[in-house]
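Please read the structure below before turning to the comments.
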Amino acid sequence: MEPILRVDHLTHTYSEGTPFERNAVEDMSLSVMPGEFLGIIGHTGSGKSTLIQHLNGLLKPTSGRVYLAGEDIWARPREIRRVRFRVGLVFQYPEYQLFEETAFEDIAFGPRNMGLDEKEIDQRVRSAAAFVGLEEDQLHRSPFELSGGQKRRVAIAGVIAMEPEVLILDEPTAGLDPNGREKILGQIRAYHRAKGNTVILVSHSMEEIARNVDRIAVLHRAHIYMDGTPAQVFARAKELTDIGLDVPQVTKVAHALRQRGIPVDGSVYTVEELQRQLLALKGGGGGC
């Protein structure tokens, strides 16, 4: 199967030719498969935001290429706008970009720019609103009358309404309380299950990444430091902590149990899986 997105030896240099020149991503290669739920994690300055802005053509590579469904997205620069309809990017704090009189009109902005007719726009707005948990009456209110979490949902719905093949979310839960964070993540999971489209979640939270994605790319100092399933990545907990990243609390518990001689898997990253292993050990006379 061909990747939906492929980054091939991508380098992006800011302030090139000046004393402030630096590579935000350097010789980076990454493939993303159709229908995959990929997590991207790394410290501030690791290259996360620069990488994802290349995936829909907001930034142009200094060197290297980005392919969408096998085609170089910069092969026809005048058509780069079409790439942005196919690869939707939700920025961090996207509610700051709301500007229409109603939430409905904000969500409709993207589909309308695609040249769709009003019937199709209406259908897409209502479908996207349903995915993110917005009520009918909220669609007809000013987005500035809504709560922070509701504004975030409006902004996410505005990208979903374009029905992109790839949905990228940059820290979609930033600034929300725990209840708001879980609601947003639950709605993203529901969208992924229902649509089967590719979703890329960028987060600083290992807990969020662990609970949601199929695969994790760890960025460090403009390079991909690790790439694998959550179990493969969290099995390398010491390497993650060595570069200043955290691991899920339950993974820390599993490692502490192993140090005490209890034979649980050190790559555990969900409470449910650790519980299952402990119950199996207890049932099998494993000493728990």
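The values are calculated or read from the model by the stated rules, or taken from the named source; none is laboratory data. None of the values given here were measured: they were computed from a predicted structure. Note that each Cβ is placed from the backbone with ideal geometry, even for glycine, and that neighbours are counted across all protein chains shown.
Remarks
- S147 vs. criteria surrounded by fewer than 17 Cβ atoms within 10 Å (Cβ to Cβ), under 18 Å from K195 (Cβ atoms) and either in contact with a strand residue (DSSP E or B) (Cβ under 8 Å, 6 or more places away or on another chain) or hydroxyl-bearing (S, T, Y) (or both): no
- Count of region 1-42 residues which are in a loop (DSSP other than H, G, I, E, B) and closer than 29 Å to G196 by Cα: 9
- Which listed residue is modelled with pLDDT of 95 or more, crowded, with 17+ Cβ neighbours inside 10 Å and among the charged types (D, E, K, R), from E171, E163, E118: E163
- Scanning region 167-214 for residues that are in contact with a Pro (Cβ under 7 Å, 6 or more places away or on another chain) and among the charged types (D, E, K, R) gives a single hit, E207.
- For region 51-73, the tally of residues that are closer than 13 Å to V25 by Cβ, without any contact (Cβ under 8 Å) to a residue 40 or more places away in the chain and not in a loop (DSSP other than H, G, I, E, B) stands at 1.
- Evaluating E95 against the criteria (1) at pLDDT below 95; (2) closer than 28 Å to P3 by Cα leaves one unmet condition, (2).
- Restricting region 131-174 to residues that are farther than 14 Å from A108 by Cβ, in a helix (DSSP H, G or I) and touching a residue at least 60 places away in the same chain (Cβ under 8 Å), the residue that is nearest to the chain's Cα centre (by Cα): I156
- Residue in region 190-215 that is modelled with the highest pLDDT, counting only those that are within 16 Å of A157 (Cβ to Cβ) and touching a helix residue (DSSP H, G or I) at 6+ places or on another chain (Cβ under 6 Å): V199
- Tally of residues being in a loop (DSSP other than H, G, I, E, B) and surrounded by fewer than 18 Cβ atoms within 10 Å (Cβ to Cβ) across region 267-288: 6
- Residue, modelled with the lowest pLDDT, within region 216-274, restricted to residues that are charged (D, E, K, R) and under 14 Å from G42 (Cα atoms): D246
- Summed over region 178-199, residues that are closer than 16 Å to I168 by Cβ, of a type outside the set (K, R) and free of Cβ contacts under 8 Å to residues at least 60 places away in the same chain total 4.
- Number of residues in region 238-262 that are under 28 Å from Y225 (Cα atoms) and either among the polar types (S, T, N, Q) or outside any helix (DSSP H, G or I) (or both): the value is 10.
- Criterion applied to S15, S49 was being out of contact with any helix residue (DSSP H, G or I) (no Cβ under 9 Å at 6 or more places or on another chain) and either within 28 Å of K151 (Cβ to Cβ) or surrounded by 14 or more Cβ atoms within 10 Å (Cβ to Cβ) (or both), and the one residue passing it is S49.
- Selection within region 55-107 - out of contact with any Asp or Glu (no Cβ under 6 Å at 6 or more places or on another chain), crowded, with 17+ Cβ neighbours inside 10 Å and farther than 30 Å from G148 by Cα: P61, V66, Y67, L68, I73
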